[in-house]
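Here's the structure we're looking at; comments come further down.
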Amino acid sequence: PAPTGATKTPTPADFPRVSGTEQKGRDSDRRAILEREIVTEQALLEKAKNPTPAQTATPEARKALQDSIALHERNIEALNKEIARLR
């Protein structure tokens, strides 16, 4: 019978390798960056949820504000998923 799934391609011998310690450091840096991005997105979301009167003066402005809120919420969700994959 034929094998199922993707075929495994061997890694070339000259492929660069990273030590476990170095990879853990990279993962830690990545987590810190993602967490900072979440804090920034949360601040932007709160700002969008508390608009100035000028930001709600027209239907177009209100729509843009709603779109902005939705964007920040999606970004936060995506960042949380990315962090969860690191664990």
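The values are calculated or read from the model by the stated rules, or taken from the named source; none is laboratory data. As the structure is a computational prediction, the values presented were derived from the model and not from experiment. Using ideal geometry, Cβ is built from the backbone for each residue, glycine included, and neighbour counts are taken over all protein chains shown. Only protein heavy atoms, including side chains, enter the accessible area calculation; ligands, DNA and RNA are left aside. Shrake-Rupley method; radii C 1.70, N 1.55, O 1.52, S 1.80 Å.
For segment 37-60, the set of residues classified as closer than 17 Å to Ile83 by Cβ, open to solvent by 70 Å² or more (accessible area, probe 1.4 Å) and out of contact with any His (no Cβ under 9 Å at 6 or more places or on another chain) consists of Glu37, Val39, Thr40, listed by residue number. Residue-level check: of (1) in a loop (DSSP other than H, G, I, E, B); (2) open to solvent by 70 Å² or more (accessible area, probe 1.4 Å), Val18 misses just (2). Scan segment 13-36 and report the pairs whose first residue is closer than 21 Å to Lys81 by Cβ and whose second residue is open to solvent by 80 Å² or more (accessible area, probe 1.4 Å) and among the small types (Gly, Ala, Ser), with Cβ atoms within less than 9 Å and a gap of 6+ or a chain change. Nothing qualifies. Number of residues in segment 8-39 that are within 19 Å of the chain's Cα centre (by Cα) and among the polar types (S, T, N, Q) equals 1. Tell me, yes or no, whether segment 61-80 has at least one residue that is open to solvent by less than 70 Å² (accessible area, probe 1.4 Å) and assigned to a loop (DSSP other than H, G, I, E, B). Checking segment 61-80: not a single residue is open to solvent by less than 70 Å² (accessible area, probe 1.4 Å) and assigned to a loop (DSSP other than H, G, I, E, B).
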